[in-house]
Structure formats: structure tokens, C-alpha cells
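Below is one structure; the comments refer to it alone.
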Amino acid sequence: MSSTVHSVAHLLLQVSDLKKAEDFYVGVLGFTVRKREPFAGGRELIVTHQGLGLTTGGPGDGVQVEHIAFQVDGVREIAGRAKDANATLISDVGPGAYGLTIYVADPDGNKIELFEPEAA
């Protein structure tokens, strides 16, 4: 029997300010909270339906992840919300390898790609 990896199941992101991170990912990008629960060391954990977990701990000094990409519907609308929230725009909406793409920075400076696949 052969085994196959199909996709990323989830990503746990340590952030310096959980409230700011939740405001960005939920309020600006439109993620939805699936649950909240205690995490290791008594830290709070926020889990989203989109496979992103947020907890405190702060990002490291090095760059462990170049960027995190999420497939979305309505990339232009999300881009508008990001601009309205004064989020740091790395590159505005335009063509990308996977479709119509925007890059923004989250409150800790993590590079976030949001793309909407092109219609076939």
C-alpha cells in the first residue's frame, strides 16, 4: 500500500499579541473561529475553521516560514478590507502563480499570500 500526502492539515502560529493576530486573521481576512482552548503552558489557543491555530509565544528572530498561502474567494474584497484596516501591503492584487494574488503582512510581519484561482 502506498501512502500520499494530500495537503497541509493545519498551521500553529506563535504570535506576540493574540488579540492583534485575531483581529487581523478573523476581522480583516475573514477567518472564522472553530474553538478556543488552553494550550501548553497555560497559553490560550485559537483554532480556525481554515486550519490556522494562533497562540502566544512570539515569532522567532529567524525566518522559519517564507510565507503562508491561503486559497480564497473574493480576493479583491479581502484586499479592500486589508487596506481599510491599514494592514501592511507587500504587493497589491495581481496575477500570481496560482491565480489572482495579494500579499499582506500580519501584525507580527509574517508574509501572507491570499489567492483566488483563475477560472478554467
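Grab the DSSP H runs of the chain that are 4 residues or longer, score each as -39,500 (n - 2.57), total them, divide by all residues and round the 222 nm result to the nearest 500 deg cm²/dmol. Could you put the intermediate results ahead of the total?
On the way: 2 runs with 15 residues, N = 120.
Helix contribution divided over all residues of the chain: -3000 deg cm²/dmol.
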For the stretch 8-54, using Cα atoms only, the Rg and Dmax in Å read 10.0, 29
Highest mean packing first, using Cβ neighbours within 10 angstrom, the peptides 85-92, 9-16, 46-53 sort as 46-53, 9-16, 85-92
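For the stretch 32-119, which trypsin sites (Lys or Arg not before Pro) are in a loop by DSSP, counting at most 15 other Cβ atoms within 10 Å?
On the way: sites: R34, K35, R36, R43, R76, R81, K83, K111; in loops: R43.
Answer by residue number: R43.
Once you have the Cα-Cα distance between L89 and E44, take 0.36 nm times their residue separation minus that, and quote the gain in nm to one decimal.
On the way: separation 45, 0.36 × 45 = 16.20 nm, distance 2.81 nm.
Full extension from L89 to E44 adds 13.4 nm.
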Note on the chain, DSSP bridge orientation, antiparallel percent to nearest 5 equals 70
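Nearest 0.05, what FRET efficiency do V33 and Y98 give at R0 = 35 Å with Cβ-Cβ as r? Mind showing how you got there, number by number?
Values: r = 26 Å, r/R0 = 0.74.
So the FRET efficiency works out to roughly 0.85.
Please sort by residue number the GluC sites (Glu not before Pro) in the stretch 16-115 whose DSSP state is loop and whose Cβ has at most 16 other Cβ atoms within 10 Å. The partial results should precede the final answer.
Values: sites: E22, E44, E66, E77, E113; in loops: E66.
Counting only loop positions with at most 16 other Cβ atoms within 10 Å, the GluC sites (Glu not before Pro) in the stretch 16-115 are E66.
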Listing Y103, Y25, Y98 by rising number of other beta-carbon atoms within 10 angstrom, fewest first, gives Y98, Y103, Y25
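With Cβ to Cβ distances under 14 Å as the rule, what net charge do the other residues near K35 carry (K, R +1; D, E -1)?
On the way: positive: R34, R36; negative: E22, E37, E44.
With Lys, Arg at +1 and Asp, Glu at -1, the net is -1.
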For Cα Rg over 2.2 N^0.38 Å, with candidates (1) 1.29; (2) 1.11; (3) 0.95, the value calculated from the shown model is option (2)
Going fewest to most other Cβ atoms within 10 Å around each Cβ, D84, D106, D23 line up as D84, D23, D106
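Here, each number is a calculation from the coordinates, and none is a lab measurement. Quick caveat: nothing in here was measured; it's all calculated off a predicted structure. FYI the Cβ positions are ideal-geometry reconstructions off the backbone, even for glycines, and counts take in every protein chain you see.
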